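Down below is the structure, laid out as structure tokens.
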Amino acid sequence: MNKLVKKGASSALSHRADKVFNDTKKKITTVSDKINTTYKVPPLSLRLSISDKKDIADWVADLQKDTPRKVSPAKLFRALYAIKDDIDENKIIEQINLMN
């Protein structure tokens, strides 16, 4: 109680906020750990243009019509990986070379 009488309640709270700010100011980043999925691997982020995202969403919607299971872009990517041995790599490389 003595601290509150000398400083006032608002000063005591602001002093605490100053201390928290000074403690966090010493850190370089606010992220303490890398983000991992439940499988202990970092998530795969794909940077796509808006038109590419729309095209993939349309493809997922078309695939969704043919199956009762939920289809997502992640499942589509995993399905493509599962059949990678059956996909012609020359066609993929050719398509990658055409992209900017």
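The values are calculated or read from the model by the stated rules, or taken from the named source; none is laboratory data. Everything quoted here is computed from the prediction, not taken from an experiment. Accessible surface is based on the protein model in full, side chains and every heavy atom, while ligands, DNA and RNA are left aside. Shrake-Rupley method; radii C 1.70, N 1.55, O 1.52, S 1.80 Å.
A few comments on the model shown:
- Net lengthening on full extension, Tyr39/Asn97 (0.36 nm per residue, minus Cα-Cα): 17.6 nm
- Of the solvent-accessible surface of segment 44-100, computed with a 1.4 Å probe and all protein chains present, 58% belongs to carbon and sulfur.
- 3J(HN,Hα) along segment 63-77, derived from phi through the Karplus expression 6.51 cos²θ - 1.76 cosθ + 1.60 where θ = phi - 60°, amounts to 5, 4, 5, 9, 9, x, 6, 6, 10, 10, x, 5, 5, 4, 5 Hz, with x in place of Gly and Pro.
- Taken one residue at a time, the phi angles of segment 83-97 give Karplus couplings (6.51, -1.76, 1.60, θ = phi - 60°) of 10, 4, 6, 8, 8, 6, 5, 4, 5, 5, 4, 4, 5, 4, 5 Hz. Gly and Pro are set to x.
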